[in-house]
Amino acid sequence: MKNRRKNMKKRGVPLALYLTVCLAIIVSAYFHLSRIAQNFNTQHLELITGLYAEKMNESMEYLQNYVKEDVKMIQAMENKEPEKIQKRLEKNLNQKMFCNVGFILKNGDVYGSKCAVADIKKKNFDKQALSSAISFNSDPYQSSETGNMIMTVFVPVADDSQIRTLYVSIMIEQLRKLGVYELLQGKISVHLLKVDSENFITCISSNEDTTANGWNNLLLQQKYFKYDENYSYKQWIKDMRSAKKEGRFAAQIKGEDSTISYRSISGMPGWYIVVELTNKNISDITQHFSIWGGVYGSILVGFTILYMLMLLFMEKKEKKRYIGLSSTDALTGILNRRAFQVELEEQICKKEPGFFIFIDVDNFKSYNDTYGHNNGDLCLKHFTKAMQECFPEGSILSRYGGDEFVVYLKDVTKESVYIYMEKFQKMIADLTLATGEQVHLSASAGGAAFPEQGEDFISLCRSADVALYNVKQNGKAAFKIK
């Protein structure tokens, strides 16, 4: 009996040691994985914030460019009677995006709808526009016509004898929609904050009880915030008003631990993107793990490995998704200029032959002036669809900017490139507008062979551009390889 007890004690010591080691592994694994999850969350939070800011910059750049196109139209008009100019502006107005359009004369007279003019004068925006030599966005204000919150973009008209500034108004509701991505719905809250007034617009809300289109004041919401001892609301506002580009801090919001990240929007001076992450929304896996960890220690060790592998997989997969938000052209859905250059440089490193092609829409400005901006966008989408259907699978397609496109064809012969381009010209030739009217389109294009006519992105661009210039000088609507 004594020997049995001694043997049991001997076996009990390793077992206790084993259980102690397992418990230590469980505890250390839990805290270690919690730190990994927290770092994973905050890193992606900053990435998300940056992508939202970049998207807002692209959107504001689009708004500014839209108004500048109208400025060019005004400058090109031979008859500059204010009433006729106003009618032309209203006719070309993209009513899905904008709600008011008009202009301010150098003598201070304001043209536009009756309510829009009254609002601008009431807010003294006309005086601000007369004294400003650069474009600016107004603070949001309530339209006396619709009662909705709107923002107005003012762009100076240079070298004009009578018109000082052109303005276009956009509903805040439309601006709010520019920041919505279903991919992140329910996980984060995204706000647009005007730091001077401390007013903000909720773009996305992770709280079902919060309306995701509200116009609120941040100071009034502080009753729901509890900051860390080394931070405060005053410090946050001070950082943003001192033009700090970005920042991140932790706080409790309505009793839940959260991380808040913010970044300035260069296209909207004085505005910030604020992204709010409730830690529990992303840390469900860690919490689930902690519940079962005390019961199934051995399983938890396996979960540790699976969890780390899953984090690596999620990070790789989600980075692709998030980066995709900023690598595609918003209008056409194909690569933008920056993403095209990156992908082309990766292809060039393989040292495989190919052809770089510059494609330019013929007479696009005249087309835009005749049929309006909406049909201009339709034309660019028509070109994009033709490129996707015409060129072989694996080709790199991009909207280079404005009415310019670029294509890189892999492993093709010079003769086949000409065949593809001839097919492309036929596919784009006829376009039916929403009105049923048919228009004829064409493109000028220039190509360069890799590596014979360029061994890097810049030299290929230069060679193809030379060929494109030659085509334009000889009647357009053709393709030529340097």
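Pairs meeting the criteria (first residue in region 388-400 and more than 18 Å from Glu346 (Cβ to Cβ), second residue part of a loop (DSSP other than H, G, I, E, B), beta carbons under 8 Å, at least 6 apart or on different chains) are Gln388/Ile334; Pro392/Val412; Arg399/Asp329; Arg399/Leu331; Arg399/Thr332; Arg399/Ile334; Arg399/Asn336. Among the residues of region 464-482, what is the count of those that are surrounded by fewer than 18 Cβ atoms within 10 Å (Cβ to Cβ) and among the β-branched types (Val, Ile, Thr)? Result for region 464-482: 1. Would you mention how many residues in region 369-399 are open to solvent by 30 Å² or more (accessible area, probe 1.4 Å), touching a strand residue (DSSP E or B) at 6+ places or on another chain (Cβ under 6 Å) and at negative phi? Matching residues across region 369-399 total 2.
Reported count of residues in region 143-167, each being closer than 15 Å to Val67 by Cα and assigned to a strand (DSSP E or B), is 11. Tallying residues that are modelled with pLDDT of 85 or more, assigned to a loop (DSSP other than H, G, I, E, B) and more than 15 Å from Tyr262 (Cα to Cα) within region 197-227 yields 1.
Conditions tested, residue by residue: (1) within 24 Å of the chain's Cα centre (by Cα); (2) surrounded by fewer than 19 Cβ atoms within 10 Å (Cβ to Cβ); (3) of a type in the set (Ser, Thr, Tyr).
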| position | (1), (2), (3) |
| --- | --- |
| Lys72 | no, yes, no |
| Met77 | no, yes, no |
| Glu81 | no, yes, no |
| Arg88 | no, yes, no |
| Cys99 | yes, no, no |
| Ala116 | no, no, no |
| Ala129 | no, no, no |
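Beta carbons closer than 7 Å, at least 6 apart along the sequence or on distinct chains, pair a first residue in region 122-142 that is in a helix (DSSP H, G or I) and aliphatic (A, V, I, L, M) with a second that is at pLDDT below 95 and open to solvent by less than 60 Å² (accessible area, probe 1.4 Å) for Ala129/Ile104; Ala129/Phe154; Ala129/Thr165; Leu130/Ile104; Leu130/Gly108. The set of residues in region 455-476 being in contact (Cβ under 8 Å) with a residue 24 or more places away in the chain and within 29 Å of the chain's Cα centre (by Cα) consists of Asp456, Phe457, Leu460, Cys461, Asp465.
Screening the candidates Glu83, Glu145 for the property of being farther than 30 Å from Asn217 by Cβ and among the acidic types (Asp, Glu) yields one hit, Glu83. Look through Leu166, Leu193, Leu175 and report the one residue that is open to solvent by less than 60 Å² (accessible area, probe 1.4 Å), at pLDDT 85 or above and either among the acidic types (Asp, Glu) or out of contact with any Asp or Glu (no Cβ under 9 Å at 6 or more places or on another chain) (or both). On inspection, the qualifying residue turns out to be Leu193. Residues in region 400-423 that are open to solvent by less than 40 Å² (accessible area, probe 1.4 Å), out of contact with any strand residue (DSSP E or B) (no Cβ under 7 Å at 6 or more places or on another chain) and at negative phi: Ser416 alone. On the given criteria, is Tyr408 modelled with pLDDT under 95 and either in a strand (DSSP E or B) or charged (D, E, K, R) (or both)? Spelling it out, it is not the case that Tyr408 is modelled with pLDDT under 95 and either in a strand (DSSP E or B) or charged (D, E, K, R) (or both).
The set of residues in region 346-368 being small (Gly, Ala, Ser) and open to solvent by 30 Å² or more (accessible area, probe 1.4 Å) consists of Ser366 alone.
Ala445 meets each of the listed conditions (1) of a type outside the set (Ser, Thr, Tyr); (2) assigned to a strand (DSSP E or B); (3) in contact with a Ser or Thr (Cβ under 8 Å, 6 or more places away or on another chain) apart from (3).
Here are some residues: Gly454, Gly436. Which one is among the small types (Gly, Ala, Ser), part of a loop (DSSP other than H, G, I, E, B) and open to solvent by 10 Å² or more (accessible area, probe 1.4 Å)? Result: Gly436 is the single residue among Gly454, Gly436 that is among the small types (Gly, Ala, Ser), part of a loop (DSSP other than H, G, I, E, B) and open to solvent by 10 Å² or more (accessible area, probe 1.4 Å). Cβ-Cβ distances below 7 Å connect the following pairs, each with a first residue in region 52-74 that is of a type in the set (Asp, Glu), a second residue that is part of a helix (DSSP H, G or I), and a separation of six or more residues or different chains: Glu54/Ser326; Glu69/His373; Asp70/Leu89; Asp70/Asn92.
Tell me, please, whether a residue that is in contact with an Asp or Glu (Cβ under 7 Å, 6 or more places away or on another chain), in a strand (DSSP E or B) and touching a residue at least 40 places away in the same chain (Cβ under 8 Å) can be found in region 365-383. So far as region 365-383 goes, no, none of its residues is in contact with an Asp or Glu (Cβ under 7 Å, 6 or more places away or on another chain), in a strand (DSSP E or B) and touching a residue at least 40 places away in the same chain (Cβ under 8 Å). Selection of region 101-114 for residues being under 18 Å from Thr146 (Cα atoms) and buried (at least 19 other Cβ atoms within 10 Å of the Cβ) yields Val101, Gly102, Gly112. The condition (being under 24 Å from Gly402 (Cα atoms), in a loop (DSSP other than H, G, I, E, B) and modelled with pLDDT under 85) is satisfied by just one residue among Asn94, Asn57, Asn65, Asn79: Asn94.
Taken together, the residues in region 131-145 that are polar (S, T, N, Q) and open to solvent by 70 Å² or more (accessible area, probe 1.4 Å) amount to 3.
In region 243-315, counting only strands (runs of 3 or more DSSP E) that sit wholly within it, none holds 3 or more residues that are over 25 Å from Asn199 (Cβ atoms) and modelled with pLDDT of 60 or more.
The values are calculated or read from the model by the stated rules, or taken from the named source; none is laboratory data. It should be emphasised that the depicted structure is a prediction, and the values quoted were computed from it without experimental measurement. Cβ coordinates were reconstructed from backbone atoms using ideal geometry, including for glycine residues, and neighbour counts include every protein chain displayed. Each accessible area value is taken on the protein alone, full model and side chains, heavy atoms only, with ligands, DNA and RNA left out. Shrake-Rupley method; radii C 1.70, N 1.55, O 1.52, S 1.80 Å.
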